[in-house]
Each structure stands twice: as C-alpha cells, then as structure tokens.
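Colleague: A single structure is presented below for examination.
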Amino acid sequence: MDLFKPDAPWSKAASGLAVFKVGTRFVLHADDAELRTMIDDLKRRHIAFAVELGLLESGGPGTCGYGVEGYGNPTAVESVAKRVKALGGQIDYVAMDEPVWFGHIVNKVSKSTGTGCQYSVPELAEKVAPKIALLRRYFPDIKIGDIEPVTGKGPGGPQYIEDILTFEDLLRRKTGDAPVFVHADMAWAAPGWQPLLETLARRLHASDARFGVICDGDVAAGGNEAWIDQALQRCRAVAADPKTKPDDFIVQSWEPLPTKMLPETDPGALTYAARQVESWFQ
C-alpha cells in the first residue's frame with residue numbers, strides 16, 4: 001500500500017506507466033479504505049486501472065473448473081465490477097486469466113486437485129462473451145484483453161497458438177471489439193517457445209490486437225536482485241528480436257519474489273524493473 005502514498009519513491013516509474021493491474025483477490029478482499037486509496041492515487045497519477053480476472057464459471061466441489069485458475073464462482077465478475085464502481089473507480093482494462101489454456105487445453109492442473117473443463121473453442125467463446133457484456137454494463141468503455149501461456153512443452157504447440165487466435169476472432173464477432181491485446185505468460189525454461197512466440201507476434205501484429213510479454217524471473221534465480229535481473233534479461237532479448245518485439249511489456253510476479261515494491265532505485269524492487277523497461281521506449 002506504500003505505492004499509493006503521494007510521496008512514494010517511484011515517481012519516475014509511475015510517470016512512464018500506462019496501466020496498473022491487480023488480481024481479483026485484492027479487489028474482493030482489500031478493505032474499502034485500501035481499495036479507495038489505490039483507485040484515487042492511480043487517478044491522481046493518470047494511470048489506467050486493470051484487473052486480472054477469470055471469466056469462466058465453476059460449480060461446487062467435484063465439478064470441472066473448481067479450484068482451477070481462470071475460473072470463479074458465478075457472481076465473481078459482477079462482484080468485482082460492483083465493488084470498484086461503488087468506491088468511485090473505473091476499470092479501464094480486464095485481462096482474462098488464461099481462458100484458452102485452462103478452459104480448453106488443460107485437463108489435470110498441476111498443484112491442484114481440480115480439472116479443466118476442456119471446452120471446445122466455440123464453447124469457450126460462448127461462455128466468456130456474456131461476462132464481457134456484464135462488465136460493459138458497469139463500465140461501457142472497458143477494454144478486454146487476454147493472457148495466455150506460451151510454452152514449448154506439451155500440451156502447448158502450434159495448434160494451441162491457432163486456438164488462441166480462433167478464440168480471439170470468435171470473441172470479436174460476439175462482442176464487437178474484444179480483445180484489444182494478448183499478453184504472453186512465458187514458460188521461459190521450457191525449450192521451444194521461440195517459434196511459437198514468433199507466430200503469435202506475427203499474427204497479432206497483422207490484426208488490430210496488441211502483443212505483449214510478461215517480464216518475470218524464477219524463484220530459483222536466488223533472491224530479489226537476481227529475479228529482477230533475470231526478468232529484464234529475458235524481456236530485453238525478446239525486445240531485441242524484430243520477430244518478437246512486443247507492443248506491451250508487463251512487469252509482474254505471482255511468486256514470493258521480489259519481496260518488495262519500493263524504492264525504484266533498488267535493483268531488487270519491482271518498481272526498479274518497471275523503470276528499466278520503460279526506458280526502452282524512451
């Protein structure tokens with residue numbers, strides 16, 4: 001929460017940031033004062049607000065999708081929209097949490113007792129489109145994007161990239177203009193991701209959707225500074241290759257590292273990574 005103090009030591013990183021994204025859990029479980037503080041500070045800084053959100057519904061225990069990433073209870077999407085609206089906020093972007101991977105590709109999910117539903121791609125689009133319509137009732141100008149893994153390790157592969165692109169096309173037909181971006185959650189350590197990323201980048205650049213890559217490191221890197229350094233090295237290499245150069249970079253972690261956000265001058269802080277990435281666009 002120190003990020004949202006007026007004198008928080010990340011003024012340079014904040015000034016170059018286009019969007020600040022949080023997870024669903026923060027929106028639903030932060031207290032009113034915390035959520036309002038974040039909303040108000042992002043407005044003051046002229047930074048757009050995004051939520052990473054599972055748009056697939058799960059039933060109770062024993063049903064597919066229960067306890068699986070990308071799924072939520074039937075009221076979760078509206079609860080997020082209602083809460084932000086009630087506190088005076090505006091959700092500018094929703095980043096769908098890997099619907100093709102967890103909704104279509106995956107059956108057994110590692111580190112979970114749950115199973116994916118393995119919907120067909122058209123079924124997946126049918127289930128997601130009403131949630132987008134619901135979000136637009138609260139925020140008519142909201143923009144929807146997608147996050148999907150890119151991995152050279154099965155069940156990923158060329159057909160999976162085609163499934164992502166088919167899903168995006170079906171959603172455009174059903175919703176009018178979604179999604180506006182696809183961001184790649186890279187399985188950096190699994191060999192074989194480069195040609196898949198090249199295909200995704202080329203196809204998205206030929207469409208109206210923005211192509212992005214999440215800059216992250218591994219816990220095994222060995223501490224905050226090593227994690228940040230690894231994340232920057234990875235995205236710097238992607239940026240240097242004209243076949244994979246992204247429109248968007250996303251500095252993000254869902255792991256125990258890094259353990260601090262501030263200050264932006266600390267090579268082990270997440271805002272330091274954001275500042276370095278922003279400098280590539282200057």
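The values are calculated or read from the model by the stated rules, or taken from the named source; none is laboratory data. Remember, predicted model here, so these are calculated numbers, not experimental data. All Cβ positions, glycine included, derive from the backbone under ideal geometry; neighbour counts span all protein chains shown. These accessible areas exclude ligands, DNA and RNA; they are computed on the full protein's heavy atoms, side chains included. Shrake-Rupley method; radii C 1.70, N 1.55, O 1.52, S 1.80 Å.
Listed here are the residues, each with its yes/no results for (1) surrounded by 14 or more Cβ atoms within 10 Å (Cβ to Cβ); (2) over 19 Å from the mean Cα position of the chain (by Cα).
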{"position": "Trp101", "(1), (2)": "yes, no"}
{"position": "Thr115", "(1), (2)": "yes, yes"}
{"position": "Tyr119", "(1), (2)": "yes, yes"}
{"position": "Pro122", "(1), (2)": "no, yes"}
{"position": "Lys127", "(1), (2)": "yes, yes"}
{"position": "Leu134", "(1), (2)": "no, yes"}
{"position": "Tyr138", "(1), (2)": "yes, yes"}
{"position": "Ile142", "(1), (2)": "yes, no"}
{"position": "Asp146", "(1), (2)": "yes, no"}
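Colleague: Same structure again: Among (1) of a type in the set (D, E, K, R); (2) modelled with pLDDT of 95 or more; (3) surrounded by fewer than 17 Cβ atoms within 10 Å (Cβ to Cβ), where does Asp229 come up short?
Modeller: All conditions are met except number (3).
Colleague: Among the listed residues Ala50, Ala33, Ala95, which satisfies the condition of being at pLDDT 95 or above, hydrophobic (A, V, I, L, M, F, W, C) and under 21 Å from Lys127 (Cβ atoms)? Steps first, please.
Modeller: Working: Ala50 fails: under 21 Å from Lys127 (Cβ atoms); Ala33 fails: under 21 Å from Lys127 (Cβ atoms).
Checking each option against the conditions leaves just Ala95.
Colleague: Same structure, new question: Anything in region 74-108 that is outside any helix (DSSP H, G or I), under 23 Å from Thr166 (Cα atoms) and among the aliphatic types (A, V, I, L, M)? List them, or say none.
Modeller: Scanning region 74-108 gives Val94, Ala95, Met96, Val106.
Colleague: Quick one: which of Ala237, Ala273, Ala231 is farther than 23 Å from Gly23 by Cβ and either charged (D, E, K, R) or not in a loop (DSSP other than H, G, I, E, B) (or both)? Explain how you work it out, then say what you get.
Modeller: Numbers: Ala273 fails: farther than 23 Å from Gly23 by Cβ; Ala231 fails: farther than 23 Å from Gly23 by Cβ.
Residue meeting the stated conditions: Ala237.
Colleague: Lys111: surrounded by fewer than 14 Cβ atoms within 10 Å (Cβ to Cβ) and at pLDDT 95 or above, yes or no? I'd like the intermediate steps shown before the answer.
Modeller: Working: surrounded by fewer than 14 Cβ atoms within 10 Å (Cβ to Cβ): yes; at pLDDT 95 or above: no.
It is false that Lys111 is surrounded by fewer than 14 Cβ atoms within 10 Å (Cβ to Cβ) and at pLDDT 95 or above.
Colleague: Looking for something within 22 Å of Leu53 (Cβ to Cβ), open to solvent by 10 Å² or more (accessible area, probe 1.4 Å), in contact with a Gly (Cβ under 8 Å, 6 or more places away or on another chain) and of a type in the set (Val, Ile, Thr) - is there at least one such residue anywhere in region 181-200?
Modeller: no
Colleague: What number of residues in region 251-265 are of a type in the set (Asp, Glu) and open to solvent by less than 30 Å² (accessible area, probe 1.4 Å)?
Modeller: First pass over region 251-265, keeping only residues of a type in the set (Asp, Glu): 255, 264.
Checking which are open to solvent by less than 30 Å² (accessible area, probe 1.4 Å) leaves us with 264.
Residues flagged as of a type in the set (Asp, Glu) and open to solvent by less than 30 Å² (accessible area, probe 1.4 Å) within region 251-265 amount to 1.
Colleague: Quick test of your reading of the structure: Gly223 fulfils all but one of (1) open to solvent by less than 10 Å² (accessible area, probe 1.4 Å); (2) in contact (Cβ under 8 Å) with a residue 40 or more places away in the chain. Name the failing condition by number.
Modeller: (1)
Colleague: Of the residues Phe26, Phe20, which single one is under 21 Å from the mean Cα position of the chain (by Cα) and either in a strand (DSSP E or B) or buried (at least 18 other Cβ atoms within 10 Å of the Cβ) (or both)? If you could, list the steps in order and put the result at the bottom.
Modeller: Values: Phe26 fails: either in a strand (DSSP E or B) or buried (at least 18 other Cβ atoms within 10 Å of the Cβ) (or both).
Going through Phe26, Phe20 in turn, just one is under 21 Å from the mean Cα position of the chain (by Cα) and either in a strand (DSSP E or B) or buried (at least 18 other Cβ atoms within 10 Å of the Cβ) (or both): Phe20.
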